[in-house]
Amino acid sequence: MSRTPQDGEFRLPDDVSSGEPGVEQMPVEEPRRAASLTLRTDQIREERIASMEAANRSLADALRITYRLIQVVMVALVVLFLFSGFQQVNQSESGIRIEFGKVISDNLEPGFQFSLPYPLGEIVKIEKGNRTVDVDGTFWPDMPPEQRRRPISEMGSGSDSLDPAKDGSLLTADSNIAHAQFSVVYVRARPAEFVKNLSGEEFEGPIVRAAVERGAVHVASSVPIDDLLKPGSGTGAGENGVESRIRRLAQETLDAMGSGLEIQQVSMRSATPPLFVRRDFNQVQIAESNAGKVREQALGERSKLLNQGAGTANEALLDLIDAYEAAVELNETEKAEGILAQFDRVLEGGANGVNVEINGKVYSDLRMSGEVARMIADAQQYRSTVVQRSQRQAEMFRAKLQQYRANPSVFLTGALADGINQLLAQPNIEQSFWLPRNGLPFDLRLTTDPAVARDRERQKYEKDVENNPRVREMRETQRIPAP
């Protein structure tokens, strides 16, 4: 019966302790006496096991709580990830919804808009307000930026020449050189094109500036320097103005690029010839301006006189006169007579309320007024007076003719007596009778008083002066009393 080795015993292998010949036996340890000290190894092991179980439970609880927290955090992150697709588009912005790199919709309305979260999608917000770009150095003399804003009147004459390597300039159609500065206002009218074709906002300003510079070079090369520099060549000149043409050419360039930008206004802030000839150029401009003012005054006076003469029909009458003179020079007799007849019809009021075509231009309701109308009215009244007087004289002549045919001697005696009475009734006639003696024949001599004749001539002259329209106008304007 084998015995289980106790603690501290040394057991030999079976092949050694069997005592077989030829095998050296190992020494056997002497049996020891019973130990006087007993270690409580089982109790310690149990305490350790209990402690490990508590620790394991604590660790498991901690891991379980941590796992729950991680789950909650992951759910919260997923929710936040999903809600990150909601973005606010402000009133001054335009939104573009992009999903998987493709534009789904553009020009989103202001407010909260949703798209797939980044990187699956995003909402790109583009500012819609006006933006300004200044082109103040490209076509301007070389000077520090702070001096470019100074008024032209405060600038000196500069150098005696222009350096093309440093100074900017524009070449006009008449081979002159000019300097100009422009201000450009533009908007991002098509946000989708802007986002697609412009990689960054830092490029839009240089692109707009380059487009305006290109348009300015083209327009300046097609106009003379006077049209480029004179006042009113910009916005006030309408669609054919310098600024409008530059804006159109620059917009065509931006549209060809698909930039999505739209130029609202191009303003030519300053324009000047080269500084060293600016003073002489200004003298020419001043002289032309003065000549223009005098010309405008003359045209105004001409219009005033024509309106006073013929009213609103003066333009048509002038065209008729020109057409008549041209027909006479070309020996077109029939045409000249037709024009003259038309001229008479207008003067007599036959064109009132109807359309009249003169040299391809149609005039409506040509009503005569002014001095011409007054003269025509006076002439018509005079004609009527002459006709009536002639008719009365003719009737009187017919009546006297009948009396003469009835009794010629009586008619002649009565007519002679009436004639003498009318003659003697004149205030400038003096009557003197010398009766001859002894029944001799006598002579009747009728003469005029020179003093009375002079008075009558003076009265006639004063009446003619009174009837002169120029004299009446002078008296009305200068308040000259009548004699």
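The values are calculated or read from the model by the stated rules, or taken from the named source; none is laboratory data. Not measured: the values here are computed from a predicted model. Note: ideal-geometry Cβ built from the backbone for every residue, glycine included; neighbour counts use all protein chains shown.
Give me the residue from segment 259-291 that is within 24 Å of the chain's Cα centre (by Cα) and more than 30 Å from GLY129 (Cα to Cα) and, out of that set, modelled with the lowest pLDDT.
Applying the filter and picking the extreme gives SER289.
Among SER267, SER244, SER289, SER303, which is the only one that is among the polar types (S, T, N, Q), under 30 Å from ARG345 (Cα atoms) and either without any contact (Cβ under 8 Å) to a residue 24 or more places away in the chain or in contact with a strand residue (DSSP E or B) (Cβ under 6 Å, 6 or more places away or on another chain) (or both)? Spell out how you get there, then give the answer.
Values: SER267 fails: under 30 Å from ARG345 (Cα atoms); SER244 fails: under 30 Å from ARG345 (Cα atoms); SER289 fails: under 30 Å from ARG345 (Cα atoms).
Step by step, each of SER267, SER244, SER289, SER303 is checked, and only SER303 is among the polar types (S, T, N, Q), under 30 Å from ARG345 (Cα atoms) and either without any contact (Cβ under 8 Å) to a residue 24 or more places away in the chain or in contact with a strand residue (DSSP E or B) (Cβ under 6 Å, 6 or more places away or on another chain) (or both).
Give the residue that is surrounded by the most Cβ atoms within 10 Å (Cβ to Cβ), with candidates limited to residues of segment 173-189 that are over 23 Å from the mean Cα position of the chain (by Cα) and part of a loop (DSSP other than H, G, I, E, B).
For segment 173-189, the residue satisfying everything is ASN176.
Restricting to segment 58-86, what's the tally of residues that are modelled with pLDDT of 70 or more and within 44 Å of the chain's Cα centre (by Cα)? Spell out the reasoning first.
Within segment 58-86, the first condition is being modelled with pLDDT of 70 or more, and the residues that meet it are 58-81.
Right, trim to within 44 Å of the chain's Cα centre (by Cα) and you get none.
Number of matching residues: 0.
Filter segment 325-346 down to residues that are surrounded by 17 or more Cβ atoms within 10 Å (Cβ to Cβ) and either in contact with a helix residue (DSSP H, G or I) (Cβ under 6 Å, 6 or more places away or on another chain) or not assigned by TED's automatic domain parsing to the domain that holds ALA310 (or both), then give me how many there are.
Total meeting the criteria: 4.
Residue under question is VAL103, and the condition is that it be in a strand (DSSP E or B), surrounded by fewer than 17 Cβ atoms within 10 Å (Cβ to Cβ) and either of a type in the set (A, V, I, L, M) or at pLDDT 70 or above (or both); does it hold? Step through it out loud before you land on a result.
Values: in a strand (DSSP E or B): yes; surrounded by fewer than 17 Cβ atoms within 10 Å (Cβ to Cβ): yes; either of a type in the set (A, V, I, L, M) or at pLDDT 70 or above (or both): yes.
Yes; evaluated as a whole, the condition is true for this residue.
Identify all residues within segment 124-151 that are touching a Phe, Trp or Tyr at 6+ places or on another chain (Cβ under 8 Å) and at pLDDT below 85; write none if there are none.
Result: ILE126, ARG148.
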